[in-house]
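Just below is one structure, and these are the notes that go with it.
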Amino acid sequence: MIVAKVFKNIFKYGFLNIAAFVSIFPFAWMIIGATNSATDIMKGKYTFGTELIGNFQKLNEMIDLPLLFWNSTKIAVGGMVLQLLIASLAGYGFEIYRNKISEKVYGILLLTMMVPFAALMIPLFRMFAGAGMLDSHVGVIIPTLAMPFMIFFFRQNTKTFPNDLMYAARVDGLSEIQIFFRIYVPTMKATYAAAGILSFMTFWNSYLWPLIILQSERQKTLTLAISSLSSAYFPEYGVIMVAIIIATAPTLIVFFLLQKHFVAGMLGSIK
Amino acid sequence: MKMIMKSKEFRRKLYYGGSFVLIAIILTSVFAIYPIINSLVLSTTSGKGVVTEFVGLGNVKRILVDDVFKQALKNTFIYFVFQVPIMLTLALLLATLLNDRKLIGKGFYRTAIFLPCVTSLVAYSILFKSMFSVDGIVNQTLLFIGLIDQPISWLRDAFWAKVTVVLAITWRWTGYNMIFYLAGLQNISPSIYEAAEIDGASKVKQFFYITIPMLKPVILFTSIMSTIGTLQLFDEVVNLTGGGASSPSLQATITLTQYIYDLSFKYVPNFGYAATVSYVIVFFTAILAVMQFRVAGDDRG
């Protein structure tokens with residue numbers, strides 16, 4: 001009995017340790033790689049090197065880092081704020097004032113969640129080209145502002161919003177829109193935090209749509225720049241690792257600071 | 001009187017509800033519903049650049065004899081058939097192990113396994129590309145422990161390139177799915193397991209007769225999400241193996257979304273044909289979602 005238990009524990013912890021090691025290793029690889037030259041990385045060198053500062057300087061020569069970082073931040077923060085506003089207004093509206101007609105509209109909205117982006121991107125590209133909005137950051141964020149998943153997320157969470165608060169506010173003479181901004185938004189801070197993290201990450205990391213509509217170097221995002229650095233015939237991996245660390249840092253920091261909200265945002269859909 | 005009250009209340013809800021959801025509805029109509037319809041219309045046309053003509057079902061006929069399309073479809077299904085089950089099984093197994101109250105270092109394991117989810121698809125693909133290069137760390141390690149005697153061409157060989165893609169996606173998304181299962185497991189009352197324990201059911205039996213049936217809705221949800229994800233695979237393949245339609249050796253990993261991208265933006269664009277290919281993804285997404293609902297619904301009734 002005891003022997004069996006020991007074996008079971010060896011298996012269990014062995015398996016978990018391997019899983020944890022495999023999960024973390026690429027992060028260690030990224031940090032070690034940032035201190036090594038491209039040749040060393042290609043040869044599989046797994047110890048720290050002395051190239052970190054050199055790699056960083058080279059990166060600055062190869063790309064306009066501050067500009068790219070600013071472009072990515074602008075898109076991610078702007079997109080997040082607008083998406084939260086639009087999606088929470090809609091999620092609130094669908095839940096609080098639900099009626100026969102709105103339920104049908106909501107059903108259609110959820111159905112669009114199933115449509116792959118590949119089926120939308122060509123008409124979207126033609127639409128933005130026609131409107132002269134190619135190469136603009138507004139064009140990057142607009143199509144996903146009313147993301148059905150976000151609306152769904154806010155609607156699900158609105159179910160936990162206490163109705164008494166709303167009735168009390170009505171008695172106090174607040175208008176419906178005032179109730180939303182003065183009562184609902186402050187009450188639902190945790191929901192906004194969770195949705196905000198998810199939204200920020202989606203915009204910050206988006207690749208395909210920006211790749212299609214951003215054409216000039218000045219408008220590109222960090223993600224796009226990293227991708228094109230790595231598609232070189234001899235990729236400068238040490239330099240690229242530095243870039244990847246810079247691009248991953250914001251989400252990594254948010255994850256460690258707000259882990260609870262982070263996970264809540266991802267789980268939001270199965271509540 | 002009651003009727004009037006009811007319709008007044010209805011109109012009030014319609015008015016306020018409508019105002020709150022208005023922006024979202026307009027945006028969805030313009031940027032989702034219109035494009036879907038437009039895509040369908042486009043799929044009946046063909047031509048290079050701006051000169052297009054109506055071809056009806058001509059594009060569908062062309063799809064049937066298009067080798068690159070067939071390759072892309074095949075690859076997408078290989079990813080789907082192998083990657084999704086491997087990842088979900090692994091995620092379920094890890095979640096079950098982590099759900100143990102007495103487990104030491106639970107928080108560490110959970111955070112570590114979830115960590116890959118914070119990376120962008122582009123970033124992790126490039127990390128994997130550097131690790132899986134011919135002289136890279138993966139080959140070095142395998143050579144060192146004697147599992148292989150020659151370096152594997154992980155990124156260029158038709159077979160191994162697919163393996164690399166599957167490994168990479170599994171690394172990125174297992175923790176994500178595990179979190180869903182963990183949340184689901186926490187909703188199962190421990191008393192069910194205690195009762196099973198008293199009845200003498202083994203841990204394995206408990207897993208198959210309690211855990212899996214109880215988690216069915218979550219398993220269904222994760223498999224639908226993963227299915228949609230696999231059918232839309234793009235970022236990883238482009239950045240990891242670069243597989244594109246341009247050269248035969250790169251076609252080994254090309255996916256449907258990538259082929260649509262190549263058709264639309266890499267050469268002289270043929271939007272009509274690309275739109276037709278995109279409807280193939282719509283079609284399969286719908287079919288697979290319905291199938292998964294059927295499978296999950298079958299033995300419930």
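The table for this structure:
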quantity	calculated
Efficiency of FRET from Cβ geometry, residue B:225 and residue B:34, R₀ 35 Å, rounded to 0.05	0.85
By average C-beta atoms within 10 angstrom, highest first, the peptides B:80-93, A:29-42	A:29-42, B:80-93
Per-residue [θ]222 nm for chain B (sum of -39500 (n - 2.57) over DSSP H runs n ≥ 4, rounded to 500)	-21000 deg cm²/dmol
Amide H partners (placed H, <5 Å) of residue B:45, local residues excluded	B:55
Dipole magnitude of segment B:32-77, debye to nearest 20 (Cβ charges: Lys/Arg +1, Asp/Glu -1, about Cα centre)	100
Packing-based exposure ordering (other Cβ within 10 Å, fewest first) of B:13, A:220	B:13, A:220
Separation of alpha-carbon centers, segment A:193-271 and segment B:40-103, rounded to whole Å	23
Quarter of the Cα convex hull surface for the protein assembly as shown, i.e. its orientation-mean projected area (nm²)	32.0
Of the DSSP H helices in chain B, those whose Cα atoms cover at least 20 Å axially and whose Kyte score averages 1.6 or more	B:84-98
Highest to lowest packing among B:66-78, A:249-261, scored as the average C-beta count within 10 Å	B:66-78, A:249-261
For chain B, size of Cβ-based charge dipole, Lys and Arg +1, Asp and Glu -1, in debye	1160
Rounded, prolate or oblate (a/c below 1.5 giving rounded, otherwise prolate when a/b exceeds b/c) for chain B by Cα gyration tensor	oblate
Average beta-carbon neighbours from other chains, 10 Å sphere, peptide A:21-29	6
Pairwise FRET efficiency - residue B:143 versus residue A:170, Cβ, R0 = 51 Å, nearest 0.05	0.10
Pairwise FRET efficiency - residue A:53 versus residue B:70, Cβ, R0 = 51 Å, nearest 0.05	0.55
Pairs of lysine residues in segment B:1-86 - Cα separation under 22 Å, sequence separation of 8 or more or cross-chain	5
Percent of Cα-Cα distances greater than 12 Å, calculated over segment A:191-243	69
Average beta carbon contacts from partner chains per residue of B:137-143, 10 Å cutoff	3
Reachable lysines from residue A:189, criterion Cα separation under 23 angstrom, eight or more residues apart if same chain	A:74, A:159, A:260, A:271
Scattering curve values for segment B:4-133, log₁₀ I(q)/I(0), Debye with Cα scatterers, q = 0.12, 0.13 Å⁻¹	-0.97, -1.00
Under 19 Å from residue B:102, Cα to Cα: aspartates and glutamates that are on another chain or at least 8 residues apart	B:194, B:197
Principal-axis tilt of helix A:100-112 within chain A, Cα atoms, nearest 10 degrees	10
Estimated 222 nm signal from helices in chain A, with DSSP H stretches of n ≥ 4 weighted -39500 (n - 2.57), rounded to 500	-23000 deg cm²/dmol
Debye intensity ratio I(q)/I(0), log10, segment A:63-270, q values 0.12, 0.13, 0.16, 0.17 Å⁻¹ (C-alpha model)	-0.73, -0.83, -1.13, -1.22
Prolate/oblate/rounded call for segment A:1-119, Cα gyration tensor, a/c under 1.5 rounded	oblate
Cα gyration tensor shape of segment A:1-53, rounded if a/c is under 1.5, else prolate or oblate by comparing a/b with b/c	prolate
Using alpha-carbon coordinates, inclination of helix A:65-96 to the longest axis of chain A, degrees	30
Ranked by how many other beta carbons lie within 10 Å on average, peptides A:21-28, A:161-168, B:53-60, B:128-135 from highest	B:128-135, A:21-28, B:53-60, A:161-168
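Readers should treat all values here as calculations from the given coordinates under stated rules, not as data from a laboratory. It should be emphasised that the depicted structure is a prediction, and the values quoted were computed from it without experimental measurement. All Cβ positions, glycine included, derive from the backbone under ideal geometry; neighbour counts span all protein chains shown.
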